[in-house]
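Everything below concerns the one structure shown next.
The values are calculated or read from the model by the stated rules, or taken from the named source; none is laboratory data. Just so we're clear, the structure is a prediction, and the values are computed from it rather than from any experiment. Heads up, the Cβs are rebuilt from the backbone with ideal geometry, glycines too, and the neighbour counts pull from every protein chain shown.
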Amino acid sequence: MKRKSGLLSLVVSLVLMAFATQSQAGYTTQGVVTAVLYMPGGVVMFHTNATHISPPGCHSSTTRWAIAASEKAQISGLLLAYAQGKKIDISGTASCAAWGDTESVSYFTSN
């Protein structure tokens, strides 16, 4: 019986550790783009007036996001929303792949 309970404790511990190390993607809702920054390598970073909710550990700003240079459609859509003052909802990638301390955008919608 003691061996069974030790094995169960091990399994439970491993499951909890797996959940503890998983990343959660950040998001915002109904934010307006307030600033656009053009970075080396073509990366575009931007700020919104909405708080960045659940950012990954690599992220250092409560309002900033990054779009990789290869994401031309996202950059175009972002600039259009910025120029028109439209609100956007953003979902992140849970990583800072485009810029080391800023969560990358997975997708966004404009309203």
For this session: For Lys87, state whether it is touching a residue at least 12 places away in the same chain (Cβ under 8 Å) and surrounded by fewer than 19 Cβ atoms within 10 Å (Cβ to Cβ).
Result: yes
Seminar exercise, completed: If we keep only residues of the range 63-84 that are out of contact with any Gly (no Cβ under 9 Å at 6 or more places or on another chain) and exposed (fewer than 14 other Cβ atoms within 10 Å of the Cβ), then the residue farthest from Thr102 (Cα to Cα) is Gln84
Exercise. Looking at this structure, is Gly92 under 16 Å from the mean Cα position of the chain (by Cα) and crowded, with 20+ Cβ neighbours inside 10 Å?
Worked result: yes
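Just for strands (runs of 3 or more DSSP E) wholly inside the range 50-111: which have at least 2 residues that are out of contact with any His (no Cβ under 9 Å at 6 or more places or on another chain) and among the small types (Gly, Ala, Ser)? Spell out the reasoning first.
Values: elements: 64-67, 87-92, 105-110.
The strands (runs of 3 or more DSSP E) meeting that bar are 105-110.
With respect to Thr29, is the statement that it is modelled with pLDDT under 95, outside any helix (DSSP H, G or I), touching a strand residue (DSSP E or B) at 6+ places or on another chain (Cβ under 6 Å) and not hydrophobic (A, V, I, L, M, F, W, C) true?
Numbers: modelled with pLDDT under 95: yes; outside any helix (DSSP H, G or I): yes; touching a strand residue (DSSP E or B) at 6+ places or on another chain (Cβ under 6 Å): yes; not hydrophobic (A, V, I, L, M, F, W, C): yes.
Yes, satisfied.
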